[in-house]
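Just so it is clear, none of the values below were taken in a lab; they were calculated from the coordinates. Values in this document were obtained by computation on a predicted structure and should not be read as measured data. For neighbour counting, all protein chains shown are included, and Cβ atoms are generated from backbone atoms with ideal geometry for every residue, glycine included.
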Amino acid sequence: MPHSLYAIPHSLYSGRARSYLIKNNIPFEEFSCGHESFKAEIVPEAKLSTIPVLRTEEGQIIRDGAAIIEYFEAANGRPCQPVSPKQKVVSGLFDLIGAEGLLRPAMHYRWNFPEENLSFLHYHFFHSQRAHPDREAKTQHMMNKMRYAAMVFGVTDESRDLVETLYMEFLLALDKHFEQYPYLLGWKPCIGDFGLLAPMFAHLGRDPKPLQIMQQQAVHVYRWVERMNRAHQDAPEHYNTGSGYLADDEIPETLLAVLAVVAQDLLPETKAAADSINEWLASSPLASGDRASRYLGQNDGKAKFTVRGQMFESGAQPYRFFQLQLVQDAYESCTENERASVDAILDSCGLQELLTIKLGRRLEQRDNLEVWA
Ligand SMILES: N[C@@H](CCC(=O)N[C@@H](CS)C(=O)NCC(=O)O)C(=O)O
């Protein structure tokens, strides 16, 4: 049996793992979470009923997109991990941005344009439910749950204009980058490309409303999304292509421009989420191995922060800090000189402080769950 990937086309985090398997020529079969085997065989070992989940050829069950990628990276000599310091840190940053930093536009452009998106979404949600008499009711329940999640991440009537403005600034900056190079760090995808693909494929590069925006206003980003789902390099429009990451630890200016846009909400939101979770940690006795649930923190788990005068309240999720820890670990493993070179680029795009924001406890993944160390 080849590897089995439990995933669905419209799932944000599934796109990250699927692309990694495709790009690394790892044979797999894809099964819906509506498949009978998901509930019966997968969830008991996955512990949570989220997707993606991988069942390896040997029968090991791995829940979580980052963990699936890490499984193959560790086994195969880290083919998608840049080794030079700036590129390693920037790759990790884009992984974090994809996993956590674009949830507001992803949810907004999916759920707040029913005229354009609803029948498309219904098809996908319906076909990810088991064939069961309650299938339609379950479909509606799941769609309502996800619609509500858009609000959890801070999209409201007051904030939606700014959510759109920030997304368009990000999209146009990213478009300029992909006009120059087919991948974030040059000629092949890194861990950051896979992370970033999560919101940019299933939601922002596939649902009818945001897909149209991407095709009409950011064709280079659209091509990258397409390219990330094809095994070969798929960059015929780039003449004189190279084959690896850019030489000399180069981070193109176009990528720093993208990070400068992202910094505007990523940094204040991460600080606010850390404050909220740290206050909660201070009053919560925890043993090593206790589960870190999805939303945690003070004030009902909310991170409160302001961008361009607009107040946002969003769910404070420990997962953000699991990803951030990886970036901080990469930075801390550098020599002093290497750290100085990383400091210089992060300073130039307003992200330097991100390296110092920490939770009071480290997070780990154990037995398919995020737990406190
Ligand atoms: N940290 C997990 C998150 C997975 C996740 O939240 N997946 C969504 C679909 S994109 C899901 O299964 N949601 C269902 C639920 O939360 O009940 C990962 O990166 O794989």
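Of everything in the stretch 326-363 that is in contact (Cβ under 8 Å) with a residue 24 or more places away in the chain and acidic (Asp, Glu), the residue that is nearest to Lys86 (Cα to Cα) is Glu338.
Against the numbered list (1) within 18 Å of Gly195 (Cβ to Cβ); (2) surrounded by fewer than 24 Cβ atoms within 10 Å (Cβ to Cβ); (3) within 14 Å of the ligand (Cβ to nearest atom), Phe38 comes up short only at (1). Considering the stretch 5-31, the residues that are within 21 Å of Arg135 (Cα to Cα) and within 12 Å of the ligand (Cβ to nearest atom) include one that is nearest to the chain's Cα centre (by Cα), namely Ser11.
Considering the stretch 153-191 alone, what residues qualify as being within 16 Å of the ligand (Cβ to nearest atom) and closer than 22 Å to Ala273 by Cα?
Here is the first cut: in the stretch 153-191, the ones within 16 Å of the ligand (Cβ to nearest atom) are 153, 191.
Selection gives Phe153 alone.
If you go through the stretch 297-322 and keep only what is out of contact with any strand residue (DSSP E or B) (no Cβ under 9 Å at 6 or more places or on another chain), farther than 16 Å from Phe153 by Cβ and either part of a helix (DSSP H, G or I) or touching a residue at least 60 places away in the same chain (Cβ under 8 Å) (or both), you end up with Gln298, Arg308.
Of everything in the stretch 331-373 that's assigned to a loop (DSSP other than H, G, I, E, B) and among the small types (Gly, Ala, Ser), which residue is surrounded by the most Cβ atoms within 10 Å (Cβ to Cβ)? Explain how you work it out, then say what you get.
We begin by selecting, within the stretch 331-373, every residue assigned to a loop (DSSP other than H, G, I, E, B); these are 333-335, 349-351, 357-362, 367-368, 373.
Right, trim to among the small types (Gly, Ala, Ser) and you get 333, 350, 360, 373.
On the way: Ser333: 11, Gly350: 16, Gly360: 13, Ala373: 12.
Going through the qualifying residues, I end up with Gly350.
Those residues that are surrounded by 19 or more Cβ atoms within 10 Å (Cβ to Cβ) and in a helix (DSSP H, G or I), I need them from the stretch 168-192; list them, please. Hits for the stretch 168-192 are Phe170, Leu171, Ala173, Leu174, Asp175, His177, Phe178, Ile191, Gly192.
Taken together, the residues in the stretch 72-102 that are under 17 Å from the mean Cα position of the chain (by Cα) and in a helix (DSSP H, G or I) amount to 14. For the stretch 214-259, taking the residues that are touching a Ser or Thr at 6+ places or on another chain (Cβ under 8 Å) and within 22 Å of Leu355 (Cβ to Cβ), the one that is surrounded by the most Cβ atoms within 10 Å (Cβ to Cβ) is identified as Tyr245.
Of the residues Pro105, Pro82, Pro52, the single one that is closer than 19 Å to Gln212 by Cα and either within 15 Å of the ligand (Cβ to nearest atom) or surrounded by 21 or more Cβ atoms within 10 Å (Cβ to Cβ) (or both) is Pro105. Applying a threshold of 9 Å to beta carbon distances and a minimum spacing of six or more residues, or different chains, the list of pairs starting in the stretch 145-164 at a residue that is closer than 27 Å to Thr50 by Cα and free of Cβ contacts under 8 Å to residues at least 40 places away in the same chain and ending at one that is aromatic (Phe, Trp, Tyr) and more than 16 Å from the ligand (Cβ to nearest atom) reads Thr156/Phe312. Which pairs do you get when a residue that is over 23 Å from Tyr123 (Cβ atoms), found in the stretch 32-61, comes within reach of a residue that is of a type in the set (S, T, N, Q) and within 11 Å of the ligand (Cβ to nearest atom), reach meaning Cβ atoms under 6 angstrom, with the pair 6+ apart or on two chains? Listed by first residue and then by second, the contacts come to Val43/Ser49; Ala46/Asn368; Lys47/Asn368.
Which residues, taken from the stretch 131-145, are charged (D, E, K, R) and within 13 Å of the ligand (Cβ to nearest atom)?
Kept after step one, since they are charged (D, E, K, R), are these residues of the stretch 131-145: 134-136, 138, 145.
Result: Lys138, Lys145.
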